[in-house]
Amino acid sequence: MRLILLGPPGAGKGTQAERLVSAHELLHLSTGDMLRAAVAAESELGVKAKGFMDAGELVPAELVCALVAERLRAVEDGQGYLLDGFPRNEAQAVALHADVGDDAIDCVVHMKLDDEEIVQRLLKRGRKDDTEEVIRNRIKVYGEETSPLIAFYEQRGLLRTVDALGTIDDVAGRIAEAIAGCGQVGAS
């Protein structure tokens, strides 16, 4: 099973990613983790990415796409994986599919959550950079970039939208139902 996990900040992607990785023995491919590792290793990509990250800007799509495509090509045959935090927009999705092929993804799980719930969740976690103004801007950016991406995967029959409101177990159950059959020959 090869999955993409989409959702706004605060939707619980990290928590659900851990569960999916464990339950399905998937390789967890987080672009944030990949970028941090590249920065720590001071690789060519890491040095380039660091400047953008230190400025609080998004790392350009071409750098992230190159990192992800390289990593996916290194995945062993038959190994399932979960992409977390990538692609962030339609251009990245197009680049991903051009680099690794249309069959590189079996399902895209979209964790949907109301904006006000996002604000409350993120304010409760108490990080210093989680002010209401910053959170609302992150929601706005996510909405602008992700809406076309959701349509992109919906048109390809890969999108599975789940309600991300509720307990961790409730959401995990909805995701399990949504992805049943993903990655199996003849599955829809």
Q) Are any residues in region 137-175 in contact (Cβ under 8 Å) with a residue 24 or more places away in the chain and more than 22 Å from residue 92 (Cα to Cα), and if so, which ones? A) 162, 163, 164, 165, 168, 171, 172, 175
Q. What are the residues in region 129-180 that are in contact with a Pro (Cβ under 9 Å, 6 or more places away or on another chain) and among the aliphatic types (A, V, I, L, M), if any?
A. 135, 139, 149, 164
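Can you find, within region 22-47, the residue that is nearest to residue 77 (Cα to Cα) among those that are of a type in the set (D, E, K, R) and modelled with pLDDT of 90 or more?
Our first condition is that a residue be of a type in the set (D, E, K, R); within region 22-47, this holds for 25, 33, 36, 42, 44.
Checking the rest, the ones that are also modelled with pLDDT of 90 or more come to 25, 42.
On the way: 25: 14, 42: 29 Å.
Among them, the one singled out is 25.
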Q) If you go through region 121-136 one residue at a time, do you hit one that is closer than 22 Å to residue 15 by Cα, small (Gly, Ala, Ser) and exposed (fewer than 15 other Cβ atoms within 10 Å of the Cβ)? A) yes
Q) When you look at residue 5, is it surrounded by 16 or more Cβ atoms within 10 Å (Cβ to Cβ) and assigned to a helix (DSSP H, G or I), yes or no? A) no
(Q) Being buried (at least 19 other Cβ atoms within 10 Å of the Cβ) and either more than 17 Å from residue 68 (Cα to Cα) or among the hydroxyl-bearing types (Ser, Thr, Tyr) (or both) is the filter here; which residues of region 31-52 pass it? (A) 31
(Q) Quick test of your reading of the structure: residue 50 fulfils all but one of (1) in contact with an Asp or Glu (Cβ under 9 Å, 6 or more places away or on another chain); (2) in contact (Cβ under 8 Å) with a residue 24 or more places away in the chain. Name the failing condition by number. (A) (2)
Q: Please work out if residue 58 is buried (at least 16 other Cβ atoms within 10 Å of the Cβ) and of a type outside the set (Phe, Trp, Tyr).
A: no
Q.
I need a count of the residues in region 1-44 that are of a type in the set (Val, Ile, Thr) and over 15 Å from the mean Cα position of the chain (by Cα).
A. 1
Q. For residues in region 65-90 being free of Cβ contacts under 8 Å to residues at least 60 places away in the same chain and in contact with a helix residue (DSSP H, G or I) (Cβ under 6 Å, 6 or more places away or on another chain), which is nearest to residue 39 (Cα to Cα)?
A. 67
Q: Output the residues belonging to region 144-175 that are under 17 Å from the mean Cα position of the chain (by Cα), among the small types (Gly, Ala, Ser) and under 20 Å from residue 16 (Cβ atoms).
A: 164, 172
Q: Select from region 146-188 the residues that are polar (S, T, N, Q) and either at pLDDT 95 or above or in contact with a His (Cβ under 6 Å, 6 or more places away or on another chain) (or both) and write down the one among them that is farthest from residue 104 (Cα to Cα).
A: 167
Q: Go through the residues of region 91-103 one by one and say whether even a single one is more than 13 Å from residue 153 (Cβ to Cβ) and in contact with a strand residue (DSSP E or B) (Cβ under 8 Å, 6 or more places away or on another chain).
A: no
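Would you point out the residue of region 8-28, among those that are among the charged types (D, E, K, R) and either under 14 Å from residue 174 (Cβ atoms) or in contact with a Cys (Cβ under 8 Å, 6 or more places away or on another chain) (or both), that is surrounded by the most Cβ atoms within 10 Å (Cβ to Cβ)? Working first, answer last.
As a first pass, look at region 8-28 and keep what is among the charged types (D, E, K, R): 13, 18-19, 25.
With either under 14 Å from residue 174 (Cβ atoms) or in contact with a Cys (Cβ under 8 Å, 6 or more places away or on another chain) (or both) added as a condition, the list becomes 13, 19.
Numbers: 13: 21, 19: 16.
Looking at residues that are among the charged types (D, E, K, R) and either under 14 Å from residue 174 (Cβ atoms) or in contact with a Cys (Cβ under 8 Å, 6 or more places away or on another chain) (or both), I get 13.
The values are calculated or read from the model by the stated rules, or taken from the named source; none is laboratory data. Remember, predicted model here, so these are calculated numbers, not experimental data. Glycine also receives a Cβ, built like all others from the backbone with ideal geometry; neighbour counts cover every protein chain displayed.
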